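Trainee: Below is the structure I would like to discuss, written out as C-alpha cells.
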Amino acid sequence: MELRYLEEFGYLPKPSGAAAMLSKTVVEEAIRELQLYGNVPVTGKIDAATRELMTRKRFASNRS
C-alpha cells in the first residue's frame, strides 16, 4: 500500500515492467520527501505519523 501511495503521488517512479526494483535508499528518500511535504517528523520510515499522513485527503486531489 505505501509504495503504491508514493508512486501515485509522484514520490517514486511508477514501475515499468516486472523487473522494476527500487533500492532501499530511493524508497527512504521518497518517504522523507513525503514527510517534509506533510510536516511530520522526517525519519525515512513508514511510522505512525506517516501512515496517518497517508490517510489524509489531499488538497490537490479528490482522492484520499
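Trainee: Only one of these conditions is not met by Gly44: (1) at pLDDT below 90; (2) on the phi > 0 side of the Ramachandran plot; (3) surrounded by 14 or more Cβ atoms within 10 Å (Cβ to Cβ). Which number is it?
Mentor: Failing condition for Gly44: (1).
Trainee: Could you list all residues from region 30-45 that are of a type outside the set (Ser, Thr, Tyr) and over 15 Å from Glu8 (Cβ atoms)?
Mentor: Arg32, Gln35, Leu36, Asn39, Val40, Pro41, Val42, Gly44, Lys45
The values are calculated or read from the model by the stated rules, or taken from the named source; none is laboratory data. Remember, it's a predicted structure, so these values are computed and weren't measured experimentally. Every residue, glycine among them, receives a Cβ derived from its backbone with ideal geometry; neighbour counts consider all protein chains shown.
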